[in-house]
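The next block holds one structure in the form of structure tokens; read it before the comments.
The values are calculated or read from the model by the stated rules, or taken from the named source; none is laboratory data. Worth saying up front: this structure is predicted, and the values here are computed from it rather than measured. Glycine gets a Cβ as well: all are built from the backbone with ideal geometry, and neighbour counts include every protein chain shown.
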Amino acid sequence: MRFASRNTDFLPQAFYNIKADLPEPPKPPLHPGTKEPLKPEDLEAIFPKSFIRQEGVTDRDVPIPGPVLEAYSVFRPTPLIEATALRKALDTPARIFYKYEGVGPVGSHKTNTAIMQAYLAAQDGVKTLATETGAGQWGSALAYAGSRFGIETRIFMVRSSFRQKPGRRVIMEMFGGTVLESPSPTTEAGRRFYERDPEHPGSLGIAISEAVEVTVKTPGVKYALGSVLDSVLMHQTVIGLEAEKQMEEMGVVPDTIIGCVGGGSNFAGLAFPFVRHNLRGERQTRFIAVEPEACPSLTQGSLRYDFGDSVGLTPLLYMYTLGMDFVPPPLHAGGLRYHGMAPLVSHLASMGVVEPRAVDEKTVFDRAVLFMKTEGILPAPESSHAISVAVDEALAAKKDGRERTILFNLSGHGFLDISAYAKNGQGSRA
């Protein structure tokens with residue numbers, strides 16, 4: 001391993017808003033009832049007002065508030081590491097770097113936007129935030145951020161992950177969060193699926209519907225979302241802004257940048273600060289967004305307006321989607337089980353700036369174990385999709401003999417995903 005320094009000067013003072021550099025903006029969200037372009041006031045029943053203002057911002061640099069910077073400074077800047085042992089094992093001329101977000105308070109990148117959203121909600125006097133979570137990284141992050149800013153959290157966790165990953169439920173509860181298995185009988189949206197099948201594996205779309213329903217029906221409750229929306233992706237750009245400075249310090253510029261995608265936030269967080277150079281005609285970096293074959297919204301979905309949830313309570317988003325009714329199988333990368341893709345990532349994919357790729361689960365786990373054996377870090381199943389394609393790209397460099405510099409986002413550790421590795425037969429071979 002070779003590390004970039006963790007100079008505190010590398011911590012950004014402002015988020016990067018890619019909308020300021022796009023030649024054309026994505027199509028706007030639509031009101032679920034009128035199908036007209038959404039107005040800020042249409043969102044007030046769901047989101048804190050301060051968050052709504054962030055969704056509409058068009059400035060390129062959006063200042064990070066002091067209390068948020070203070071919270072970030074506990075764990076940021078996160079490490080940028082050159083994977084020298086992995087390179088040696090692959091016998092490749094490619095240099096491989098990864099930005100490691102697993103050092104955050106709950107072991108994933110989700111804390112970046114959770115802290116900002118909890119801060120904004122606290123500024124507005126919100127007492128409770130409701131949300132959904134797939135594998136539990138987002139729910140854990142919001143529970144942590146809520147505890148830091150004095151906000152209660154109510155979290156609907158997708159049933160397949162609730163049962164596969166009990167450790168994350170425990171962490172949420174330790175931070176004071178209330179965790180419900182979704183679909184649940186406690187909401188009208190959840191009962192539609194629960195009464196049909198009490199063992200329904202659930203989906204992020206269903207869990208979103210439950211959280212939004214609780215929000216609109218309960219005074220004092222607002223909703224928080226861990227991915228997809230423009231401002232959530234913007235909050236994550238602290239990853240790429242740091243990585244760019246760290247790579248400059250090491251004297252390298254990446255020509256291939258890779259991230260896994262479910263809703264799109266960790267990929268966007270690393271990639272968007274680098275994408276701006278492509279948009280300005282300064283570079284021709286490749287950006288690869290990796291999704292599971294079992295939930296291939298970018299590679300097999302259609303680009304159209306669709307609801308962000310499974311019942312039709314949310315605004316209509318113009319995005320690559322498999323359809324609001326799509327329920328993915330209970331794969332272990334629970335954070336990637338979403339039927340749609342962030343509108344901004346979808347927009348860049350439609351422009352040809354982002355290259356989508358789908359990978360199978362067995363290859364992902366095999367590559368994850370290779371990474372653990374060489375680099376000494378057990379990666380989350382979600383992040384392992386990025387690792388898998390980084391290995392593919394490194395092997396391609398070996399085949400064609402062309403040097404390249406690969407950067408990927410290791411968006412979380414896998415220490416709470418041991419059962420997933422065991423169920424994929426990895427324990428006996430590791």
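Can you tell me which residue among 304, 283, 337 is surrounded by fewer than 21 Cβ atoms within 10 Å (Cβ to Cβ), modelled with pLDDT under 95 and not hydroxyl-bearing (Ser, Thr, Tyr)?
Selected residue: 283, the only one of 304, 283, 337 that is surrounded by fewer than 21 Cβ atoms within 10 Å (Cβ to Cβ), modelled with pLDDT under 95 and not hydroxyl-bearing (Ser, Thr, Tyr).
Applying the selection to region 185-227, what residues are surrounded by fewer than 24 Cβ atoms within 10 Å (Cβ to Cβ), closer than 15 Å to residue 159 by Cα and touching a strand residue (DSSP E or B) at 6+ places or on another chain (Cβ under 7 Å)? Scanning region 185-227 gives a single hit, 186. Considering region 214-248 alone, what residues qualify as being among the small types (Gly, Ala, Ser) and closer than 20 Å to residue 123 by Cα? Within region 214-248, 220, 224, 226, 231 meet the criteria. Selection of region 281-301 for residues being outside any strand (DSSP E or B), small (Gly, Ala, Ser) and under 19 Å from residue 364 (Cβ atoms) yields 294, 297.
Per the listing 384, 346, 388, 350, the residue uniquely at pLDDT 95 or above, of a type in the set (Ser, Thr, Tyr), touching a Phe, Trp or Tyr at 6+ places or on another chain (Cβ under 6 Å) and within 21 Å of residue 295 (Cα to Cα) is 346. Of all the numbered requirements in (1) surrounded by fewer than 23 Cβ atoms within 10 Å (Cβ to Cβ); (2) in a helix (DSSP H, G or I); (3) in contact (Cβ under 8 Å) with a residue 60 or more places away in the chain, residue 138 misses one, and that requirement is (1).
Kindly establish whether residue 295 is of a type outside the set (Gly, Ala, Ser) and modelled with pLDDT under 95.
yes
Applying the set (1) closer than 24 Å to residue 354 by Cα; (2) out of contact with any Leu (no Cβ under 8 Å at 6 or more places or on another chain) to residue 22 leaves exactly one unmet item: (2). Every condition in (1) more than 23 Å from residue 277 (Cα to Cα); (2) part of a helix (DSSP H, G or I) is met by residue 20 except one, and the failing one is (1). Taking the condition of a type in the set (D, E, K, R) and either touching a strand residue (DSSP E or B) at 6+ places or on another chain (Cβ under 7 Å) or closer than 24 Å to residue 410 by Cα (or both), does residue 101 pass? In short, yes.
State which residue is farthest from residue 303 (Cα to Cα) when the search covers only region 1-55 and only residues that are touching a strand residue (DSSP E or B) at 6+ places or on another chain (Cβ under 8 Å) and aliphatic (A, V, I, L, M). Top of the filtered list is 1.
The single residue among 415, 371, 365 that is assigned to a helix (DSSP H, G or I) and at pLDDT below 95 turns out to be 365. The set of residues in region 374-412 being part of a strand (DSSP E or B) and either more than 18 Å from residue 423 (Cβ to Cβ) or among the charged types (D, E, K, R) (or both) consists of 405, 406, 407, 408, 409, 410, 412.
When restricted to residues that are without any contact (Cβ under 8 Å) to a residue 40 or more places away in the chain and either part of a helix (DSSP H, G or I) or closer than 19 Å to residue 413 by Cβ (or both), region 150-161 contains 0.
Would you confirm, using the coordinates I've provided, whether residue 4 is buried (at least 19 other Cβ atoms within 10 Å of the Cβ) and touching a residue at least 12 places away in the same chain (Cβ under 8 Å)?
Values: buried (at least 19 other Cβ atoms within 10 Å of the Cβ): yes; touching a residue at least 12 places away in the same chain (Cβ under 8 Å): yes.
So residue 4 fits the description; yes.
Please pick out the residue among 336, 344, 313, 317 that is touching a Cys at 6+ places or on another chain (Cβ under 7 Å) and of a type outside the set (D, E, K, R).
336
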